[in-house]
1. For ASN34, are the conditions met, namely being within 22 Å of TYR111 (Cβ to Cβ) and either aliphatic (A, V, I, L, M) or surrounded by fewer than 17 Cβ atoms within 10 Å (Cβ to Cβ) (or both)?
2. Mind checking whether some residue in the stretch 74-89 is surrounded by 18 or more Cβ atoms within 10 Å (Cβ to Cβ), under 22 Å from LEU146 (Cα atoms) and either among the hydroxyl-bearing types (Ser, Thr, Tyr) or in contact with a Cys (Cβ under 8 Å, 6 or more places away or on another chain) (or both)?
3. Take VAL66 and decide whether it is open to solvent by less than 60 Å² (accessible area, probe 1.4 Å) and touching a Ser or Thr at 6+ places or on another chain (Cβ under 6 Å).
4. Can you name the number of the only condition in (1) within 16 Å of the chain's Cα centre (by Cα); (2) of a type in the set (S, T, N, Q); (3) in a helix (DSSP H, G or I) that ASN7 fails?
5. May I ask you to verify whether TYR70 is hydroxyl-bearing (Ser, Thr, Tyr) and closer than 17 Å to ILE6 by Cα?
6. Of the residues in the stretch 94-106, how many are open to solvent by 50 Å² or more (accessible area, probe 1.4 Å), within 16 Å of the chain's Cα centre (by Cα) and more than 12 Å from TRP131 (Cα to Cα)?
7. Take the residues of the stretch 107-141 that are surrounded by 12 or more Cβ atoms within 10 Å (Cβ to Cβ) and touching a His at 6+ places or on another chain (Cβ under 9 Å): which is modelled with the lowest pLDDT?
8. Check off (1) acidic (Asp, Glu); (2) part of a helix (DSSP H, G or I); (3) more than 18 Å from TYR140 (Cα to Cα); (4) in contact with a Phe, Trp or Tyr (Cβ under 9 Å, 6 or more places away or on another chain) for GLU19 and give me the number that stays unchecked.
Amino acid sequence: MIYNAINKLIVSAESSGHENFWKYDGEFFMLFYNQFKYTPFTDIPDIVFMYMEINNWQGMSVRCGVWQYYESGAFQKGKFERVMSFLKANGEDEMADIYACGIHDYANKKYQKGSDYPEEWFDETERVDEWISDNEGYIYKWMYDLILEHKSEVLKLGENQV
């Protein structure tokens, strides 16, 4: 996707409003994913990283339960901390607190054979799933605002692409 196509996507999303951002979120996700799929998460720009993480967090909650987001991310040391730090630094204390509820030691070797995680972990991730479900519109607005507030950074992704 080149600069003009990215700009057109941003303009379309903006003109549709945050209430309809769900129509565009997959295109933004794929734009970011295709550009950074082989990049270590520590080297992905903050805006791209946060968009993809919150999108994935919400998506896994809807599809299969958010515990699987935390389970798969537990092997990338520092990933959850980066999300939490960004959310807190940007005044998203409630989202950060909810996000923190699902962070557990899924990478611990004692759970690798049978995934026999403590029941309280599932109780906590169920709370996260409920929050995500109850705040779906807010999360879409958050992603929409992230894109629009950092429009120039998103557009730069297409400057050197053909």
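The values are calculated or read from the model by the stated rules, or taken from the named source; none is laboratory data. As the structure is a computational prediction, the values presented were derived from the model and not from experiment. Using ideal geometry, Cβ is built from the backbone for each residue, glycine included, and neighbour counts are taken over all protein chains shown. Remember, those area values only see protein heavy atoms, side chains included, never the ligands or the DNA or RNA. Shrake-Rupley method; radii C 1.70, N 1.55, O 1.52, S 1.80 Å.
1. Taking the combined requirement at face value, the residue does not satisfy it.
2. Looking for residues that are surrounded by 18 or more Cβ atoms within 10 Å (Cβ to Cβ), under 22 Å from LEU146 (Cα atoms) and either among the hydroxyl-bearing types (Ser, Thr, Tyr) or in contact with a Cys (Cβ under 8 Å, 6 or more places away or on another chain) (or both), one finds none in the stretch 74-89, hence no.
3. Yes: the conditions hold for VAL66.
4. (1)
5. Answer is no for this residue.
6. Residues flagged as open to solvent by 50 Å² or more (accessible area, probe 1.4 Å), within 16 Å of the chain's Cα centre (by Cα) and more than 12 Å from TRP131 (Cα to Cα) within the stretch 94-106 amount to 1.
7. Taking the candidates together, the pick is TYR117.
8. Among (1) acidic (Asp, Glu); (2) part of a helix (DSSP H, G or I); (3) more than 18 Å from TYR140 (Cα to Cα); (4) in contact with a Phe, Trp or Tyr (Cβ under 9 Å, 6 or more places away or on another chain), GLU19 violates only (3).
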